[in-house]
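The values are calculated or read from the model by the stated rules, or taken from the named source; none is laboratory data. Predicted, not measured: the structure shown is a model, and the values here were computed from it. FYI the Cβ positions are ideal-geometry reconstructions off the backbone, even for glycines, and counts take in every protein chain you see. For accessibility, only protein heavy atoms count, side chains too; no ligands or nucleic acids. Shrake-Rupley method; radii C 1.70, N 1.55, O 1.52, S 1.80 Å.
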Amino acid sequence: MSDWRGALCPYLTPTVRAALEAAPAEKAARATELRLRAGRPPCLLAAEERLPLDAPPVSAEDIAAMADAMLGHSAHTRRAELREGFVTLPGGLRAGLCGRAVLREGRLDALQDIASLAVRLARAIPGAADGLMPQLRSAGRLRSALLLSPPGGGKTTLLRDAARQLSLGGAQVAVVDERSELAACLRGVPTLDVGPNTDVLDGCPKAEGMRLALRALSPAVIVTDELGHARDVLAVREAARCGVAVLASAHGDDFADAARRPMLRAVLAERAFERVIALRAPGRIAAVYDGGGKRLA
């Protein structure tokens, strides 16, 4: 079995596990997500292609059992992750959960009656960032860059391989891996290749991690995934003032779309990122902009 199947199968019910183990290697190698919905057969997704598995519909009880296993049989201890709608599993896998929302003071507090699971499949793809690398260097120095795409556009895969390639090239790299997806650390040690000169802050919130890296790790570049809060953007601006490159990602279709988002507007206006790169699935570069939004390619 491919590595991601070996990591995921312990959380699955016997019927789903058998169907996944029986899937052709070619199908598993192309898959980017496993979808499990109560009352529907399980299926793999590859970009926008559905790859059905040879299995009967998954029952609500099966979904509940798999969700419980992914939560370590303790939803209470994973409450913070549940508020974000996902849980991170060993190997960099991420399971999105969908069910009945429980609100507290108008905000999501928990999820109950889980009825579907969307498992994003992490894998290292050496060379995935080959097309990105020329955009990250200028006259012997590193540029800050922001990758944009809708969910599932390949941002994490490119960030992981870019960290590896920059590290192999001799740069001191700090990876702030809040969701344990970039390096998939096990007891602090990366299980996915992010390079020999890379330090990983695993499970650390992005803003705090970027500031810690600046203080303690002397990085040439900080790599982090999915800027999601205003405090993350403030940390990017702090790194720019310190002369440290930042390679990060955010949801968006193109520069104009990103500039309309209040969270990103200020950091783009300050040109904290020298390159803004829009992706189209799976991880292909669709457009390259300079820090002011001028399209370069």
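Hey, of [x] 0.93; [y] 1.07; [z] 0.98, which did the structure itself give for Rg/Rh (Cα atoms, Kirkwood Rh) when calculated?
[z]
Name the GluC sites (Glu not before Pro) in the stretch 13-58 that are in a loop by DSSP and that have at most 16 other C-beta atoms within 10 Å, would you?
GLU48
If you count, for each residue, the other Cβ atoms within 10 Å and average over each peptide, how do 191-201, 60-70, 123-133 line up from highest to lowest?
In decreasing order of mean packing, 191-201, 60-70, 123-133 become 191-201, 60-70, 123-133.
How large, in percent, is the carbon and sulfur part of the accessible surface of the stretch 39-145 at a probe radius of 1.4 Å?
51
Over the stretch 76-186, give the accessible area per residue in Å² for a 1.4 Å probe, as an integer.
Each residue of the stretch 76-186 exposes 42 Å² on average to a 1.4 Å probe.
For every helix of n ≥ 4 consecutive DSSP H residues, a contribution of -39,500 (n - 2.57) applies; sum these over the chain, divide by its total residues, and give [θ] at 222 nm rounded to the nearest 500 deg cm²/dmol.
Result for the chain: -8500 deg cm²/dmol, rounded to the nearest 500.
Report the relative contact order of the chain, percent, no decimals, based on alpha-carbon pairs under 8 angstrom and at least 6 residues apart.
That works out to 15 percent.
Determine the percent antiparallel among the DSSP beta bridges restricted to the stretch 138-249, to the nearest 5.
Percentage antiparallel, nearest 5: 15.
Let me check something: with ligands and nucleic acids excluded, how do LYS27, LYS294, LYS206 order by accessible area (1.4 Å probe), largest to smallest?
LYS294, LYS27, LYS206
I'd like the FRET efficiency for ALA286 and ARG265, computed as 1/(1 + (r/R0)^6) with the beta carbon distance as r and R0 of 25 Å, rounded to 0.05.
0.70
Given a Förster radius of 22 Å and the C-beta distance between ALA22 and HIS73 as r, what FRET efficiency does 1/(1 + (r/R0)^6) yield to the nearest 0.05?
0.20
Among DSSP beta bridges lying fully in the chain, give the percent that are antiparallel, nearest 5.
The antiparallel fraction comes to roughly 60 percent.
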